[in-house]
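Asker: Sharing a structure, written as structure tokens. Questions coming.
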Amino acid sequence: MQQHLSINDEVRKFLSQDKLLLIDGQWQESRSEKTINVENPANGDTLSQLIHGGQEDINRAVEAARKAFDSGPWRSMTGSERSRRLWKLADLIEQNTDTFAQLESLDNGKPYTVAKAADVPLSVDIFRYMAGWSTKIHGKTIPLSVPYTPDSSYLSYTLKEPVGVIGQIIPWNFPLLMAAWKLAPALACGNTVVLKPAEQTSLSALKLGELIMEAGIPEGVVNIVTGHGDTGSFLVDHPMVDKLAFTGSTEVGKQIVRGASGNLKKVSLELGGKSPNIIFADADIEAAIEGAANAIFFNHGQCCCAGSRLYVEKSVYDKVLSGVCDFADKIKLGNGFDLSTQMGPLISREQFDKVCSYIDSGKREGAVVQAGGSGLDQAGYFVKPTVLAKTHKNMQVVREEIFGPVVAAIPFSSEEELIEEANDSNYGLAAGIWSQDVSKAHKVAEKLRAGTVWVNCYNIFDASLPFGGYKESGWGREMGDEVLNLYLETKSVCIKK
Ligand code: ADP
């Protein structure tokens, strides 16, 4: 039975309000006249209007963050006090689960059920996890043996200090979660932030801004400026920003590195991927088929770690291919507010055209469409889950990130050849291995040049597990204790006794 959700009162009220900028603890108008139309990708309806923030807006936001860092209470507050406020924010997000899940579904197109089961609880979790770290950040004492002062002794220790004003630029595929991944560690470490959400999906970040104020996070600590890429570039170029954290495409990541060179601000990047998902003949094949389908089709393939290159050992290739195609054919596409929907639309017309043109390029280069292979001829940006066979390593669909529900299936016969092909990519974000031979899985995991390797599972995320890329997939690791390195400076203090 098809059950269609209704927009709840809170979401209705939120959508009808003017969307302003959060600067210095106040919702402020922009000095720029420009706006951005917010569209529901499932049907093209207009949901709201956003401010397209200009240079002046970014300047005000950065100045507020600077003032809050240099002279506000946040940095000097005890870890325990910061922790309580981050924990309170987590509670508030949790209490607003329905509202966030609805906003994500309307704004991004993903099923409400998915946003409710994954995006929102993962966002709550990272705030709680990072709230715990606020009280556990410390340096160490280090014994010295300075060779040229043999008669002196020293007490030396390190201090861990926040980096300062952080610019954070995030994408549209997991709008709330990406904001949470960025904000939680930066705040736990005592930094202040200017956040620039993606122009396609800023609604949940603005709603989060309301809760940030309600949680008692002091004014100016989190500032939110909506806008297009140029708004982000003003933040990248700004000389008062100490660090820039970015998640998005590798192409924009490279522009950010160039832009950040003005004041050599620190940069961390979580970029694209073309992740190999490998099925050995000794795998639990039914589990591997389902896992391979979910690896590529989860979030409509709009995941930087999507398992978009499916390598299957020759003896089970036909079985796996037909299983993944069956799975793809059965996925129910639809509006994210239909509770039976399993896959929503892509985010935008631009993304729809890009994904369809990749499918066409695959066909032109000789790939055979075994499932899907086109968009849906209806309102909204729906693309059918697509499986391409007879692909090879030189095709665009095997080399480039498509960021849509399109998987290239490739047979392999030897482990050596497999490792070489799997690593033959500019990217190195994630990989999957399906095998019941634990020893083989360990060995292959070691040889893969990827920041995350999932074995007999895929897309498993946890606030405690570092995530990030080798090669052109990025710089640094998000989550776990490792992310703290991105938001802390180390100061060495040396005292002559
Ligand atoms: P996608 O291709 O998935 O849309 P992008 O890398 O283009 O991803 O965008 C991710 C984020 O980066 C968005 O918030 C976007 O506005 C921002 N952005 C795009 N171009 C730039 C730029 N030149 N400088 C800074 N931010 C940018």
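The values are calculated or read from the model by the stated rules, or taken from the named source; none is laboratory data. Fair warning: this is a prediction, and the values are worked out from it, not measured in the lab. Here Cβ is always computed from backbone atoms with ideal geometry, including for glycine, and neighbour counts include all displayed protein chains. The accessibility values were calculated without ligands, DNA or RNA, using every heavy atom of the protein model including side chains. Shrake-Rupley method; radii C 1.70, N 1.55, O 1.52, S 1.80 Å.
Asker: Let me check something: with ligands and nucleic acids excluded, how do R399, R364 order by accessible area (1.4 Å probe), largest to smallest?
Answerer: R364, R399
Asker: Based on Cβ point charges of +1 for Lys and Arg and -1 for Asp and Glu, what charge dipole magnitude is obtained for the chain about its Cα centre, in debye rounded to the nearest 20?
Answerer: On the way: 50 positive and 61 negative charges, 249 e Å.
About 1200 debye.
Asker: Still on this structure: So what's the back-of-envelope 222 nm ellipticity for the chain, counting only DSSP H runs of four-plus at -39500 (n - 2.57) apiece and dividing by all residues, rounded to 500?
Answerer: -11500 deg cm²/dmol
Asker: Using alpha-carbon pairs under 8 Å, 6+ residues apart, how would you state the relative contact order of the range 11-59 in percent?
Answerer: Taking the mean separation of contacting Cα pairs over the length of the range 11-59, I get 35 percent.
Asker: Starting from the Cα-Cα distance between E446 and S322, subtract it from 0.36 nm times their residue separation and give me the gain in nm to one decimal.
Answerer: On the way: separation 124, 0.36 × 124 = 44.64 nm, distance 2.97 nm.
41.7 nm is the gain from fully extending E446 to S322.
Asker: Taking the Cβ of I410 as the centre, find all other residues whose Cβ is under 14 Å away and add up their charges (Lys, Arg: +1; Asp, Glu: -1).
Answerer: -1
Asker: Another one. Roll a 1.4 angstrom probe over the protein heavy atoms and tell me the percent of accessible area of the range 1-130 that is carbon or sulfur.
Answerer: Numbers: 2720 of 5920 Å².
Whole-percent figure for carbon plus sulfur exposure: 46.
Asker: Run through the DSSP bridge list for the chain and note the antiparallel percent, rounded to the nearest 5.
Answerer: Values: 29 of 66 bridges.
The antiparallel proportion sits near 45 percent.
Asker: Ranking request for peptides 208-214, 186-192, 456-462: highest mean number of other beta-carbon atoms within 10 Å first, then the rest in descending order.
Answerer: Descending packing order for the listed peptides: 186-192, 208-214, 456-462.
Asker: Then there's this: What whole-number value in Å² describes the accessible area per residue of the range 1-54 for a 1.4 Å probe?
Answerer: On the way: 3180 Å² over 54 residues.
Per residue, the range 1-54 has an accessible area of 59 Å².
Asker: Could you state the number of Å between the C-alpha centres of the range 9-51 and the range 260-282?
Answerer: 31
Asker: Report in % the part of the accessible area of the range 366-497 that belongs to carbon and sulfur, leaving out ligands and nucleic acids; probe 1.4 Å.
Answerer: Solvent-exposed carbon and sulfur of the range 366-497 make up 46 percent of the total.
Asker: Starting from the Kirkwood radius over alpha-carbon pairs of the chain, derive D by Stokes-Einstein at 10 °C in a medium of 1.306 mPa s and give it in µm² s⁻¹. Please list the in-between numbers first.
Answerer: Working: Rh = 23.6 Å.
Here the translational diffusion coefficient equals 67 µm²/s.
Asker: Here's a follow-up. Which cross-chain or sequence-distant (5 or more) residues have an amide H under 5 Å from the amide H of Q28, H modelled 1.01 Å from N in plane?
Answerer: Correct list: L21, L22, I23.
Asker: Using only alpha carbon pairs under 8 Å that are at least six residues apart, calculate the relative contact order of the chain and give it in whole percent.
Answerer: It rounds to 18 percent for the chain.
Asker: With every protein chain kept in the model, how would you rank V252, V324 by accessible area, 1.4 Å probe, largest at the top?
Answerer: V252, V324
Asker: Can you work out the accessible area per residue across the range 98-219, with the rest of the protein chains kept in place, probe 1.4 Å, in square angstrom? Intermediate values should be presented prior to the final figure.
Answerer: Numbers: 3660 Å² over 122 residues.
That works out to 30 Å² per residue.
Asker: So what's the range 172-264 giving for Rg/Rh, alpha carbon basis, Kirkwood Rh from the mean inverse pair distance?
Answerer: 0.95
Asker: Could you work out the local net charge near M479, counting Lys and Arg as +1, Asp and Glu as -1, over the other residues with Cβ closer than 13 Å to its Cβ?
Answerer: The answer is -3.
Asker: For the full complex of protein chains and a 1.4 angstrom probe, list H238, H442 by accessible area with the highest value first.
Answerer: Heavy-atom accessible area, descending, gives H442, H238.
Asker: For N263 and L376, FRET efficiency with R0 = 45 Å and r from the beta-carbon atoms, rounded to 0.05?
Answerer: That pair, L376 with N263, gives E of 0.45.
Asker: Taking a virtual spin label 7 Å from the Cα of D329 along the C-beta vector, which residues in the range 405-425 bring their backbone nitrogen under 20 Å of it?
Answerer: Within reach of a label on D329: 405-410.
Asker: In the full protein assembly as shown, how much of W475 is accessible to a 1.4 Å probe, in Å² to the nearest 10?
Answerer: 130
Asker: Where does the range 415-459 land on Rg/Rh, using Cα atoms and the Kirkwood Rh?
Answerer: Rounded to two decimals, Rg/Rh equals 0.93.
Asker: Provide the net charge surrounding G469, with neighbours chosen by a C-beta distance below 14 Å and charges set as Lys +1, Arg +1, Asp -1, Glu -1.
Answerer: For residues surrounding G469, the net value is 0.
Asker: List the aspartates and glutamates whose Cα lies under 14 Å from the Cα of K497, skipping any in the same chain that are fewer than 8 positions away.
Answerer: D151
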